């Protein structure tokens, strides 16, 4: 399946209201999952609901502890491009659709709707891996029109989520990029990236790789609720330290900052990542596009009922009275007094630890060895009209 969405572009405000997702009782929480809701794709008009017709409901009709399934994506195009003026890359690769990490706040959840799957539970239990990554990458990089620019990985879903351990899609892509001396940047919250330390070190020797580790909270209890199948902060900090020890350019993303949930940890998080050796640090304010808003609202009501209204009011304060606005240059930081206070606190903490204004070294673009022109396989070509 070809990517049909560009989540790095502004997403229209959602027409989905909080009330469009039915409330779940507190015992409906599924251990190890961010969402227990199977809200259907916004593109599916029909809705199905299990009801008791007097004969009893088949317990298999609603498995409250679903396992994770892997599907092969019939990839047509590996590299996704964009012209967003507020992000530092114009092309990216996401080896997987969906993410088992289950982060309830993940702005990529709505992309599962394009597969007619739920942005809720399906997003974290039905994972698609890209097929034939090396073949597609060589084909796309060999085109005469291709001009080298950094390929970003992990901009939508994590390239080092659990299935990568066995599927090795990300590793195959990195091996190909190393062979061609092509620059790549990676964002992940997984310690699995250390498996590929050999490739990363060789890429780093030629200034061809940057890594950003995403961190969210110092609290393991909050992490388990917010992003259930991710590595602990301690493991992520060790990952930062090991990457730096291997001379790999490494920064940190404090993302997302959620008012009255983890914003009180800004200073401590900045100090922790600086002490671990991070060379740069940035933050992103929580983003709730489309189905993410009602799913996150439900999550708040289940886990933090005492402050749910306060959190949502604060988020609206940063988004002009709405839960999300996708305007250029403001979608990552928000606007208003709360957003300004978050920025001021982050900047002060970054100054105190010597990270304010620091950026990772630009990657080399002049070492790229364009592969020989490759023709697509016959069954990949568009059929002739006559």
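The values are calculated or read from the model by the stated rules, or taken from the named source; none is laboratory data. This structure is a prediction, so every number in the text was calculated from the model and none was measured. Every residue, glycine among them, receives a Cβ derived from its backbone with ideal geometry; neighbour counts consider all protein chains shown.
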Can you find even one residue in the stretch 352-375 that is part of a helix (DSSP H, G or I) and surrounded by fewer than 13 Cβ atoms within 10 Å (Cβ to Cβ)? no
Please work out which residue is surrounded by the fewest Cβ atoms within 10 Å (Cβ to Cβ), limiting yourself to the stretch 238-265 and to residues that are assigned to a helix (DSSP H, G or I), without any contact (Cβ under 8 Å) to a residue 60 or more places away in the chain and touching a strand residue (DSSP E or B) at 6+ places or on another chain (Cβ under 8 Å). 244
Going by the structure shown, is residue 104 in contact with a helix residue (DSSP H, G or I) (Cβ under 8 Å, 6 or more places away or on another chain), closer than 30 Å to residue 329 by Cβ and modelled with pLDDT of 70 or more? yes
Assuming residue 302 fulfils every condition listed in (1) modelled with pLDDT of 95 or more; (2) in a helix (DSSP H, G or I) apart from one, which condition is it? (1)
Among the numbered conditions (1) at pLDDT below 80; (2) surrounded by fewer than 16 Cβ atoms within 10 Å (Cβ to Cβ); (3) assigned to a loop (DSSP other than H, G, I, E, B), tell me where residue 3 comes up short. (2)
Could you check, for the stretch 308-321, whether at least one of its residues is more than 21 Å from the chain's Cα centre (by Cα), assigned to a loop (DSSP other than H, G, I, E, B), at negative phi and touching a residue at least 40 places away in the same chain (Cβ under 8 Å)? no
